[in-house]
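Notes follow once the structure below has been shown.
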Amino acid sequence: MAKAFHELTEREVLALAAALEEEDGKIYGEFAERLRADYPATATALTAMQAEESNHRHRLLEAYRQRFGERLPLMRRQDVKGFVDRKPLWLARRLTLAQVRREAETMELETRRFYEVAAQRTTDAGIRQLLGDLAQEERHHAAMAEEFEKEQTASGARAEEELTQRRLFVLQIVQPALAGLMDGSVSTLAPLFAAAFATRNSWDAFLVGMAASVGAGISMGFAEALSDDGALSGRGHPWLRGGVCGLMTTLGGIGHTLPFLIANFQMATGVAAGVVLVELGVISWIRHHYMDTPFLSAAFQVVLGGLLVFIAGILIGSA
């Protein structure tokens, strides 16, 4: 059962502090290795922070050795009430700069607060001084991170890392999502409107549209996931890409299928046609915003393709 903080002895406080510094150092090292290829400036800062945590741990262990000997009790954050239960973010396959920076800020704040409270409780002058010094150094870490942030901005390293982050986001999320949305919005038009004009029945058209949307989503999801494992291309985890692509394919088809829940066939067809125009506009904007395609060019290509499929569905259904 976890102990309350006020129940810890000075021996246990020092052992816990050493364990915290060891854990934090390993986390910073893991972050640095994961980010080094794409964000070298941030990785350098994290490596420096890892070295600082290692220095803190050695000082804590030396203080413990002088007062309590060589036997160190096993103390972990989960053994003490009040500590934030950190999620194992460092195990995630994909890390963003914002996630790492936010986690580092939380770690520094939590550790500083621990040292401040522990220093107030101890009656040993040497331990009190050490814990107070470490609290000040943890506060300096936050200031050092802010200063490094300014240096990155001034040198252009921050802008370069943000550009790299944007490129990875486009490569791993936007591209499969856009491919799915385009396929779902365009390829399902023909079977949906063919069924609509062949039967003149909204419910029948709705069932065909849902079947086409779900089928296209499953097909596109597996096709994207199996096309590339991401190891060399940097496109991310295949099942993440496949999931994004499949979901957006299904949503793209369902968007203009839902209007056929309207019983009146003429009204349902008109609303569905309006939804199609909105979908094609959204696709054009995404291509313009993330893929650097001129908006008019993107709109012309998308609308032309969608219009041709739309007409094909109507002609087939009316034959």
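The values are calculated or read from the model by the stated rules, or taken from the named source; none is laboratory data. As the structure is a computational prediction, the values presented were derived from the model and not from experiment. Cβ: placed from backbone, ideal geometry, glycine included. Neighbour counts: every protein chain shown. Accessible surface areas use protein heavy atoms only, side chains included; no ligands, DNA or RNA. Shrake-Rupley method; radii C 1.70, N 1.55, O 1.52, S 1.80 Å.
Are there any pairs, at least 6 apart or on different chains, whose C-beta atoms fall under 7 Å, with the first in region 243-260 and free of Cβ contacts under 8 Å to residues at least 40 places away in the same chain and closer than 16 Å to Asp204 by Cβ and the second part of a helix (DSSP H, G or I) and among the small types (Gly, Ala, Ser), and if so, which?
Pro259/Ala268; Pro259/Ala272
Take Arg101 and tell me if it is open to solvent by 70 Å² or more (accessible area, probe 1.4 Å) and modelled with pLDDT under 85. First the steps, then the outcome.
Numbers: open to solvent by 70 Å² or more (accessible area, probe 1.4 Å): no; modelled with pLDDT under 85: yes.
When the stated conditions are applied, Arg101 does not pass them.
Which of the following residues is of a type in the set (Val, Ile, Thr), modelled with pLDDT under 80 and surrounded by 15 or more Cβ atoms within 10 Å (Cβ to Cβ): Thr153, Thr164? Quick ask: steps written out before the conclusion?
Numbers: Thr153 fails: surrounded by 15 or more Cβ atoms within 10 Å (Cβ to Cβ).
Step by step, each of Thr153, Thr164 is checked, and only Thr164 is of a type in the set (Val, Ile, Thr), modelled with pLDDT under 80 and surrounded by 15 or more Cβ atoms within 10 Å (Cβ to Cβ).
Provide a single number: the residues in region 253-273 that are open to solvent by 30 Å² or more (accessible area, probe 1.4 Å), in contact with a helix residue (DSSP H, G or I) (Cβ under 7 Å, 6 or more places away or on another chain) and either modelled with pLDDT under 80 or not in a helix (DSSP H, G or I) (or both). Give the steps one after another, and end with the answer.
Of the residues in region 253-273, the ones open to solvent by 30 Å² or more (accessible area, probe 1.4 Å) are 254, 258, 261-264, 266-267, 270-271, 273.
Keeping just the survivors that are in contact with a helix residue (DSSP H, G or I) (Cβ under 7 Å, 6 or more places away or on another chain) gives 254, 261-263, 271.
From the residues that got through so far, the ones that are either modelled with pLDDT under 80 or not in a helix (DSSP H, G or I) (or both) too are 262-263.
Here the count works out to 2.
Kindly indicate the residue of region 34-66 that is charged (D, E, K, R) and modelled with pLDDT of 85 or more and also least open to solvent (accessible area, probe 1.4 Å) among those meeting that condition.
As a first pass, look at region 34-66 and keep what is charged (D, E, K, R): 34, 36, 38, 52-53, 57, 59, 62, 65.
From the residues that got through so far, the ones that are modelled with pLDDT of 85 or more too are 52-53, 57, 59, 62, 65.
Details: Glu52: 71, Glu53: 1, Arg57: 62, Arg59: 72, Glu62: 83, Arg65: 103 Å².
Checked region 34-66; the qualifying residue least open to solvent (accessible area, probe 1.4 Å) is Glu53.
Under the condition of being open to solvent by 60 Å² or more (accessible area, probe 1.4 Å) and over 15 Å from Gly184 (Cα atoms), which residue from region 274-289 is modelled with the lowest pLDDT? Full working, then the answer.
Narrowing region 274-289 to residues open to solvent by 60 Å² or more (accessible area, probe 1.4 Å): 277-278, 282, 285, 288-289.
From the residues that got through so far, the ones that are over 15 Å from Gly184 (Cα atoms) too are 285, 288-289.
Details: Trp285: 81, His288: 77, His289: 74.
Out of the qualifying residues, it is His289.
Show the residue pairs that are 6+ apart or on different chains and have beta-carbon atoms under 6 Å apart, the first residue being within region 100-128 and within 22 Å of Tyr64 (Cβ to Cβ) and in a helix (DSSP H, G or I), the second being of a type outside the set (Gly, Ala, Ser) and open to solvent by 50 Å² or more (accessible area, probe 1.4 Å).
Hits for this filter: Glu110/Val84; Arg112/Arg139; Ala119/Arg128; Ile127/Glu10.
Answer with yes or no whether Leu178 is surrounded by 17 or more Cβ atoms within 10 Å (Cβ to Cβ), modelled with pLDDT of 85 or more and under 30 Å from Arg34 (Cα atoms). Give the derivation first.
Numbers: surrounded by 17 or more Cβ atoms within 10 Å (Cβ to Cβ): yes; modelled with pLDDT of 85 or more: no; under 30 Å from Arg34 (Cα atoms): yes.
Taking the combined requirement at face value, the residue does not satisfy it.
Quick check on region 55-75. Is at least one of its residues closer than 16 Å to Ala104 by Cβ, in a loop (DSSP other than H, G, I, E, B) and touching an Asp or Glu at 6+ places or on another chain (Cβ under 9 Å)?
Going residue by residue through region 55-75, those that are closer than 16 Å to Ala104 by Cβ are 56.
Imposing the further condition that a residue be in a loop (DSSP other than H, G, I, E, B) reduces the set to none.
Taking every residue of region 55-75 in turn, none turns out to be closer than 16 Å to Ala104 by Cβ, in a loop (DSSP other than H, G, I, E, B) and touching an Asp or Glu at 6+ places or on another chain (Cβ under 9 Å).
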